[in-house]
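The numbers here are math on the coordinates, done by the rules we state, and not lab data. In this text the structure is predicted, and so the values were computed from the model without any measurement. Every residue, glycine among them, receives a Cβ derived from its backbone with ideal geometry; neighbour counts consider all protein chains shown.
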Amino acid sequence: MTTSNELPKAYEPTDVEPRWYPMWLEKGYFTADPASTKPAFCIVLPPPNVTGSLHLGHALTATIQDILSRWKRMSGFNVLWLPGTDHAGIATQMVVERELKKTEGKSRHELGREEFLKRVWAWKEKYGARIGEQHKFLGASLDWSRERFTMDPGLSEAVKEVFIRLYEQGLLYRSEKLINWCPSCLTALSDLEVEHEEKKGSLWELSYPVKDSDRKLVVATTRPETMLGDTAVAIHPDDKRYEGLAGKTVVLPLLGREIPIIADAKLVSMEFGTGVVKVTPAHDPNDYETGLRHGLKQITIFDERARVNLNGGPYAGLDRFAARKKVLEDLAAQGLLVAEKPHALAVGTCQRCSTVVEPRLSPQWFVKAKPLADKAVEAVQAGRTKFVPETWTNTFYAWMKNIHDWCVSRQLWWGHQIPAWYPVDTSPKLDDGSIDFSKATPVVAREKPGVTAENPSGQWVQDPDVLDTWFSSGLWPFSTLGWPNQTPELKAFYPNSVMETGHDIIFFWVSRMMMMGLHFMGDVPFRTVYLHAMVRDEKGEKMSKTKGNVIDPLDIIRGAPKEALPPAIKNKFPQGMPPMGADALRFTLASLTQQGRDIKLSVDRIGGYRAFCNKIWNATRFAQMNMGDFEDDGSLFVKERALSLADRWILSRLNRAVQGTQASLAQYQFAEAASTLYQFLWGEFCDWYIELAKGALQGTDEGAKASTRATLAFCLDRVMRLLHPFMPFITEEIWQRLPIKRPTESICIAPYPEEDRRLDDPSAEAEMKPIIEAIEGIRTIRGESNLPPALKVEAQIQTASPQTRRDLERWRTYLMPLAGLQVLTVTDLGPKPPQAAADFRSNMEIYVPLAGIVDLAEERERLKKEIGRAEQEMAQIEKKFENPNFLERAPAEVVEKDKSRLRELEARKSKLGDNLRRIADGEVRIAPPADGNVNLENELKDELKGVKVPNPDSQVQEALAKLREGTKEGLSPRDHYDLGVAYMNMGLVDDAVREFNRAKDDGGTTPEAAAEAVAKASAPEARPAKLVLPKKAPAPKPAPKPAAKKAAKKPAPKAKKVAAKKAAPKKAAKKVAARKPAKKAAPKKAAKKPAAKKAAKGKKR
RNA sequence: GGGCGGAUAGCUCAGCGGUAGAGCGUCGCCCUUACAAGGCGAGGGUCACAGGUUCGAAACCUGUUCCGCCCACCA
């Protein structure tokens, strides 16, 4: 597994990712052991439709569940993540039917049930494997040895058992009721399978003559054609307009039937329409109920395809919409169409085929949902199952508390056929001699019954209907574990630990699992339901085939040519989709999973995390290139290894990252965990630690080298493990290559990092702070002045804090390379360098002399801007202080915090102002000695106590090195002077100046002599010539096209550039730049005065 | 009709009582031997609107406007 050869420079997911899954499988890491003594953790994969293909929503499901599974597995759990597929009754049947029509031009009826089912099975065999493949590409750590399919023999057994037990318990029954019927799919649908679409329609007013009277009742209806099935008209009992009409009859137009006028307060609202409602019990749910209340006849006027039947008299044979047109025409001709008003209404459509659903009276099987739902609600209320995010709890309650009986029979062929049998001998027959299922009485049984008294021939016909596909899905948490058999798996893994799925199927699936699980297992099916958001495209639109924005996860993982991409995103990728890798896709999905918010997936974002992979890869490359003969002896803690500050710091930060990741995962905060890891790896490990480590790795101190190598290896080991659940492939690849002692042969089963107190190091973090701040301060100055990175400059840091001075001195080896310094001077507060750019952070004053390097005008502008900012913030705080209530009522620490912040700002502002003046005037000001302030003397004496005197010249470097490492070797005051001279001779100006100052402070020389020496050392002539570089001229402004710009940049040799800088006129540009901030500054100053405050208010920054 | 989310930088989103944040994109300087899929720096915000609570509101409350989703048998 381990390959010692060097890593390629760029990370190629397609080279790395395919290597690992087969190995993981072969080793059986994902195979759960029901006999294990470890604590169990179980998730069952929401089974995708067997003939489907995974989309990004599935990828999100797989990612989250894999993160949980891998995390738990590494944390010592016996993990079962169980894969499977759903037969998806109606969806699959339709797919195969469509295919059959296309390829053979046949309908399923022409083929016959048996032959058709063979085709579906063949289809399933052919395409079912694709889902497995996609999951493997995603890295999903599923236990394939336990893969299930809802129509496996075992699961079918469970379905049958459940059906029969429910029937026996009176919780399942057969009845003729008004159900949702799809006239195109020719099957019943449950309420949930009907989608409501707001459509523009009309409200027609039809006139019905009252029998034996001149009066006419005007009814309002959105479906005039159903008048053919009217069996009453209804008015409100309190409606004065129609007083006395109840009990009379009207003559139904067109058909001439006489129907009663009834009074019904429930059906009729006086305010709506005309206050008169036509009642069609066989074709409208409200009318159906009304009909039951009043004992009305139910006249069915449509056949199964929603064509008018013989009850429709002259309209028989017409489609429902044609019938509507004709009915309206005929009514209009008779003057009975009173009005047509526009009216918006919600039309129920078939979830599968979008055909308008027709309410239809038909015998179906129903599950009595209420008793089951009540138990489920109780369980959630008792906290036995928790919803995450919590907000879904109420959604769940709302639906469960108002649940209707569940129509579970479907007039389909693909699915679990209902275990009910009709006696051939005694069942009523249709004209063609077949059994009339609508009138016959079935026997529910596990197997076909034999000869009975009622059916002496022993011939039985099974109910041709199949069960709703969600019926079997509802059993998934236990049917997959072997129920009704009492298997070890069932014992070990029920209840499941977590159910993780999209919130769109909370009713379809989650609630059914809750009901079935509680009823048949006596316990909730899972302890936690984590409901993730929906994945949408970049515009926030639902992914759908018709919109052409469905992306195959494999196309992102492996890349895809332009032609293969969906139309909606094709044009974004003229070169096709580059391979992003599963790790990048997974990390993106995890990063965007914010609880309760839909995910708008942008491909750019994936690219960003692909870059992150590359970053990790190259950090590893760096480590590998610098490991030398490092061998992990596990001594990071065992021996007293002398860790450097950077080592201690990064280990402390690592521990924070471990804590953060663990905490976030425990709360299902995947985005937060991902962000913690990203920030640590890139923002701390790569940006700071690796940079800081370079010194030690390239130096000659073998001890420092060893500790740095050990720290590098340690961090990479831990952070790869930490990251593994999110990015399984790259972490395995890197982990295998690290020169560490691996506790396991794969990272999949390596222990997940846990908080380690020994790594916490607050003092290291505190010590690093000024170093980082100083580097950032100098970088800011450099950036603002556009100094090229290669140009080394000098910097002076002044601080009143002896501690900070010590730290900065001690770690100047960190500071100098990272800040691009040639010279660094650290002193107490004192004379400020003239003509220097400045930055003030915490307790530090950072100066970078820029005279002769750049034009200082820009620096002046920057200072003004900074002053403006400080003033603005000060104004805000001052305003608070003007409010007496604030001082009285706000907590003391808040007030104190603001006060100290204000002091800070004031100091900052005055320092900025001072420096601005120095630059503006070219004035060299010697700051007066800080009265009674700390001086270096005792500090130095302390530090240099008993120091042995080295002689200048050759020994200076060595002595210096020791000094910097804090070695307690002494120098006498006079030696400092000598050292200073030596430094000067060597051209180390800052060191010379410092030594002269120390000599003076310690009485090693007279102040006059020291001052002279300092002046000499600081003189421009003493500076190394290469420091002096003319400021680069601003680039010619009419910007060329980016490509041209870049090309033009490259060949320009340095000398030429410099010459150009000199020649270019820059004054004009500068002036323009100078004006802008000046304008800004003016109102800010005014803002300090109370009167002007209001005007300035509102704008915060 | 009922319910649930959302509205914060150009984009995607964190923050959920005490100095407005990140990533991407933009701009500037750089191919500095881990990484140009990169480094360093900068700019960018009446936190949808209006009230209220509070010493203090992006955050809490009320209302409004948009956007999204779910549920619903008002003809």
| Ordered by residue, what ³J(HN,Hα) values in Hz, to whole numbers, does segment A:98-115 give under the Karplus form 6.51 cos²θ - 1.76 cosθ + 1.60, where θ = phi - 60° and Gly and Pro are x? | 4, 5, 4, 5, 5, 8, 10, x, 10, 9, 5, 5, 5, 7, x, 4, 4, 5
| note | With a 26 Å threshold on alpha-carbon distance, the violating pairs from A:Lys160/A:Lys370; A:Lys199/A:Lys562; A:Lys769/A:Lys897; A:Lys880/A:Lys911 are A:Lys199/A:Lys562
| For A:Leu80, which sequence-distant residues (separation of 5 or more, or a different chain) have an amide H within less than 5 Å of its own amide H, given hydrogens modelled in the peptide plane? | A:Phe41, A:Cys42, A:Ile43
| said: How would A:Ile740, A:Ile418 line up from fewest to most surrounding beta-carbon atoms within 10 angstrom? | reply: A:Ile740, A:Ile418
| message | Going by amide H atoms built from the backbone, whose H comes under 5 Å of the H on A:Leu475, apart from near neighbours? | response | none
| task | Please report the relative contact order for segment A:728-822, taking Cα pairs under 8 Å with a sequence separation of at least 6, and give it as a percent rounded to a whole number. | result | 28
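Distances over 21 Å make up what percent of all Cα-Cα pairs in segment A:247-336?
Details: 1518 of 4005 pairs.
Cα-Cα pairs of segment A:247-336 separated by over 21 Å account for 38 percent.
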| said: If I model segment A:337-487 as equal point scatterers sitting on the Cα atoms and use the Debye formula, what is log10 I(q)/I(0) at q = 0.15, 0.16, 0.20 Å⁻¹? | reply: -1.06, -1.13, -1.34
| request: Largest first and to the nearest Å, give the Cα extent of segment A:197-270 along each principal axis. | output: 40, 29, 18
| Can you sort A:Val524, A:Val16 by how many other beta carbons sit within 10 Å, fewest first? | A:Val16, A:Val524
| remark: P(r) over all Cα-Cα pairs of segment A:543-584, 10 Å bins from 0 to the longest distance, whole percent per bin, short to long, reads 33, 55, 12
| field | In sequence order, calculated HN-Hα J values of segment A:872-888 (Karplus, 6.51, -1.76, 1.60; Hz; x Gly/Pro) | value | 4, 5, 4, 4, 4, 5, 4, 4, 4, 5, 5, 7, x, 4, 4, 5, 6
| request: For A:Asp463, enumerate residues with amide H under 5 Å from its amide H, sequence gap 5+ or separate chain, H modeled in the peptide plane. | output: A:Ala420, A:Trp421, A:Tyr422
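Sort A:Met720, A:Met625 by Cβ crowding within 10 Å, fewest neighbours at the top.
Details: A:Met720 25, A:Met625 11.
Listing A:Met720, A:Met625 from fewest to most nearby Cβ atoms yields A:Met625, A:Met720.
Specify whether the C-alpha gyration tensor of segment A:410-548 places it in the rounded, prolate or oblate class, a ≥ b ≥ c being the square roots of the eigenvalues: rounded for a/c under 1.5, otherwise prolate if a/b is larger than b/c and oblate if not.
Details: a/c = 3.91, a/b = 1.64, b/c = 2.37.
Oblate, since a/c reaches 1.5 and b/c is not below a/b.
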| said: Checking the cross-link filter: which aspartates and glutamates have an alpha carbon closer than 16 Å to that of A:Lys266, excluding same-chain neighbours under 8 positions apart? | reply: A:Asp238, A:Asp239, A:Asp284, A:Asp287, A:Glu289
| remark: Percent of all Cα-Cα pairs per 5 Å bin for segment A:116-194, counting from 0 up to the last occupied bin, reads 3, 10, 11, 13, 18, 18, 13, 9, 4, 1
| message | Can you report the principal axis dimensions of segment A:641-738 using only the alpha carbons, biggest first, rounded to whole angstrom? | response | 46, 25, 22
| query | Using the per-residue mean of other Cβ atoms lying within 10 Å as a proxy for protection, in what order, highest first, do the peptides A:658-664, A:187-193 fall? | reply | A:187-193, A:658-664
| note | Across all Cα atoms of segment A:237-286, Rg and the largest Cα-Cα distance (Dmax), in Å, are 11.5, 30
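Return a single number: how many Lys pairs in segment A:590-713, at a sequence separation of 8 or more or on separate chains, have alpha-carbon atoms below 26 angstrom apart.
Details: A:Lys600/A:Lys615; A:Lys615/A:Lys694; A:Lys615/A:Lys705; A:Lys639/A:Lys694; A:Lys639/A:Lys705; A:Lys694/A:Lys705.
Summing the qualifying lysine pairs gives 6.
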| field | Vicinal HN-Hα couplings computed from phi for segment A:573-580 (Karplus, 6.51 cos²θ - 1.76 cosθ + 1.60; Hz; Gly/Pro x) | value | 10, x, 8, x, 7, x, x, 9
